[in-house]
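Scroll down for the structure; my scribbles are underneath it.
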Amino acid sequence: MGLAQIKMPQLGESVTEGTVDHWLKNEGEFVKRDEPIVEVVTDKVNAEIPSPYEGKLVKISAAAGDVVKVGAVIAQIETAAAAGAPAAPAQEAPTTASAPAAAPRSSATPNTPRDLSASRGGSPDAKLSPAVRKLAAEHGIDPTTISGSGLGGRVTREDVLAAVGGGGGGGGAAPAVEAPAPPRPQPQPQPARADGAREEVVKLSVMRRSIAEHMVRSLATSPHAWTLQEVDVTNLVRYRESEKEGFRARHGVALTYLPFVAQVLFGAIRQFPWLNSSWSDEGVVLKHYVNLGVAVSVPDGLIVPVVKDADRLGFTELVTRMNDLIERARNKQLKPEDVQAGTFTLNNTGATGSVASQPIINQPQAAILTTESIVKRPVVINDAIAVRHMMNVCLSFDHRIVDGMMAGQFLAQIKQGLEGWTAASLKL
């Protein structure tokens, strides 16, 4: 018998950590090989991670809500023949980016959030997630005085909030007496004290928190610029309406507007490859292939699965691949590789009724395109008024890489391709 380690997998390009949403197995339970064992969330994917081993789950090292670095151990399985050396549980610290070796108690600073009671065992970071440490620090609370209610005695966010509201945790020890300090900065209103009759606190899901962090990071990373053009898609609308039922009967999938837009997009990228690139300190990395990210709305937020080498696919295969990824995203059946290596993202905000939007770039890509609602309205054509199917397309781009002139030309190329669309435009 031996111990095999289960580690946090890479769940997307540029993703360095994931958050444990919930465990699908408990300690002591038998786990089959490839059986889903834990659900993990990042800003890119919500995925069930299968066990690479068969055996008994003997230790869970990362509790629900813990943020874990890629490659860190999250659990151990007792197997008949472990594929790796036995773990060293006392030195694991999966909930932090870098866990220093445990120092002797006497050398620790007595009133820091990172210093947990030695009686709880393990490193401090193994008992506190970054979010909990931050929350404790914001309220001036020493988490060593709080008895954790989480797995293995971990101090959770709820434990800290309870200590804030009730004057301390259940550990019985009062926080160390501090010298008189200046008044604390005025704290943000605490949602936990909201009037239940008029206000409600809805706890953030792991996915929603991850998306929020990614959106803030994207805006801080790239100087965003934005542009919009309106497109007459009457020809495309008429073709789709006439073909969608037959297409479903032949191929078993719905015929949406996205694959039509995608094929036009690929042509525009060939003309303007800088829109399909990423920034680096050494220079702009041009991608001579298109791994198309397709934004998919799910109950907890948004996931962007990636169609690899989408520009090389025929139309029917593109439709099939896109539908497969969208369905698996909605059913939480995506694999880590399904959300990696995207080079350009396409989002259909028109499905919500939107007519104009300013999307946030999916890092580390250079741009993101949205298609808006198709609406019938009167337009002037050759000095005559006609009712046409009109759609706005919106582009956000990284202004470090792309200037307004190029972005406008790129969008004009897409407009030209969609307005001049005919059945002969299909790349089968």
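The values are calculated or read from the model by the stated rules, or taken from the named source; none is laboratory data. Since this is a predicted model, take the numbers as computed values, not measurements. Neighbour counts are summed over all protein chains in view; Cβ atoms, including those assigned to glycine, are modelled from backbone coordinates with ideal geometry.
Checking Leu395 against (1) free of Cβ contacts under 8 Å to residues at least 60 places away in the same chain; (2) in contact with a helix residue (DSSP H, G or I) (Cβ under 6 Å, 6 or more places away or on another chain), which test does it fail?
The number of the failed condition is (1).
Does Phe397 fit the bill of being of a type outside the set (Asp, Glu) and part of a helix (DSSP H, G or I)?
For Phe397, the condition - of a type outside the set (Asp, Glu) and part of a helix (DSSP H, G or I) - is not met.
Please indicate, with yes or no, whether at least one residue in the stretch 320-339 is over 27 Å from Glu35 (Cβ atoms), surrounded by fewer than 19 Cβ atoms within 10 Å (Cβ to Cβ) and of a type in the set (A, V, I, L, M, F, W, C).
No, the stretch 320-339 contains no residue that is over 27 Å from Glu35 (Cβ atoms), surrounded by fewer than 19 Cβ atoms within 10 Å (Cβ to Cβ) and of a type in the set (A, V, I, L, M, F, W, C).
Please verify whether Val45 is touching a Ser or Thr at 6+ places or on another chain (Cβ under 6 Å), surrounded by 22 or more Cβ atoms within 10 Å (Cβ to Cβ), outside the structural domain of Ile326 (by TED's automatic domain parsing) and modelled with pLDDT under 85, treating the condition exactly as stated.
No.
Hey, can you tell me all the residues within the stretch 285-304 that are assigned to a loop (DSSP other than H, G, I, E, B), touching a Lys or Arg at 6+ places or on another chain (Cβ under 9 Å) and in contact (Cβ under 8 Å) with a residue 40 or more places away in the chain?
The answer is Tyr289, Val290, Asn291, Asp300, Val304.
Only residues in the stretch 222-243 that are farther than 21 Å from Gln365 by Cα and at pLDDT 90 or above count as the first member; pair them with residues that are in a helix (DSSP H, G or I) and among the aromatic types (Phe, Trp, Tyr), Cβ under 8 angstrom, at least 6 apart or cross-chain, and list the lot.
Every condition considered, the pairs that remain are Leu236/Phe260; Arg240/Phe260.
Hey, among the residues in the stretch 314-353 that are in a helix (DSSP H, G or I), of a type in the set (A, V, I, L, M) and modelled with pLDDT under 90, which one's farthest from the chain's Cα centre (by Cα)?
Per the stated criteria, the residue is Ala351.
I'd like the residue in the stretch 382-425 that is aliphatic (A, V, I, L, M) and at pLDDT below 90 and, out of all such residues, is surrounded by the most Cβ atoms within 10 Å (Cβ to Cβ).
Ala423
Just give me the residues in the stretch 276-305 being closer than 19 Å to Ser222 by Cβ and in contact with a Leu (Cβ under 8 Å, 6 or more places away or on another chain), in sequence order.
Residues satisfying the conditions are Asn276, Ser277, Gly293, Ala295.
Going by what's in this entry, would Ile414 be described as within 20 Å of Ile269 (Cα to Cα), in contact with a His (Cβ under 7 Å, 6 or more places away or on another chain) and not basic (Lys, Arg)?
Spelling it out, it is not the case that Ile414 is within 20 Å of Ile269 (Cα to Cα), in contact with a His (Cβ under 7 Å, 6 or more places away or on another chain) and not basic (Lys, Arg).
Here are some residues: Val375, Val380, Val355. Which one is touching a His at 6+ places or on another chain (Cβ under 8 Å) and either of a type outside the set (S, T, N, Q) or farther than 21 Å from Arg240 by Cα (or both)?
Val375
So Glu282 ticks every box in (1) in a loop (DSSP other than H, G, I, E, B); (2) touching an Asp or Glu at 6+ places or on another chain (Cβ under 6 Å); (3) over 25 Å from Pro9 (Cα atoms) but one. Which box is left unticked?
Condition not satisfied by Glu282: (2).
Among the listed residues Val58, Val132, which satisfies the condition of being modelled with pLDDT of 50 or more, in a strand (DSSP E or B) and among the hydrophobic types (A, V, I, L, M, F, W, C)?
Going through Val58, Val132 in turn, just one is modelled with pLDDT of 50 or more, in a strand (DSSP E or B) and among the hydrophobic types (A, V, I, L, M, F, W, C): Val58.
Residue by residue through the stretch 198-244, note down the ones that are surrounded by 13 or more Cβ atoms within 10 Å (Cβ to Cβ), over 18 Å from Ile368 (Cα atoms) and either within 15 Å of the chain's Cα centre (by Cα) or of a type in the set (A, V, I, L, M, F, W, C) (or both).
Leu204, Ser205, Val206, Met207, Arg208, Arg209, Ser210, Glu213, Val233, Leu236, Val237
Go over the candidates Val285, Val296, Val253, Val307 one by one and state the one that is farther than 30 Å from Ser205 by Cβ, assigned by TED's automatic domain parsing to the domain that holds Gly342 and either surrounded by 14 or more Cβ atoms within 10 Å (Cβ to Cβ) or of a type in the set (A, V, I, L, M, F, W, C) (or both).
None of the others qualify; the one that does is Val285.
Please pick out the residue among Ile368, Ile360 that is in contact with a Pro (Cβ under 8 Å, 6 or more places away or on another chain) and closer than 22 Å to Val294 by Cα.
Of Ile368, Ile360, the one residue that is in contact with a Pro (Cβ under 8 Å, 6 or more places away or on another chain) and closer than 22 Å to Val294 by Cα is Ile368.
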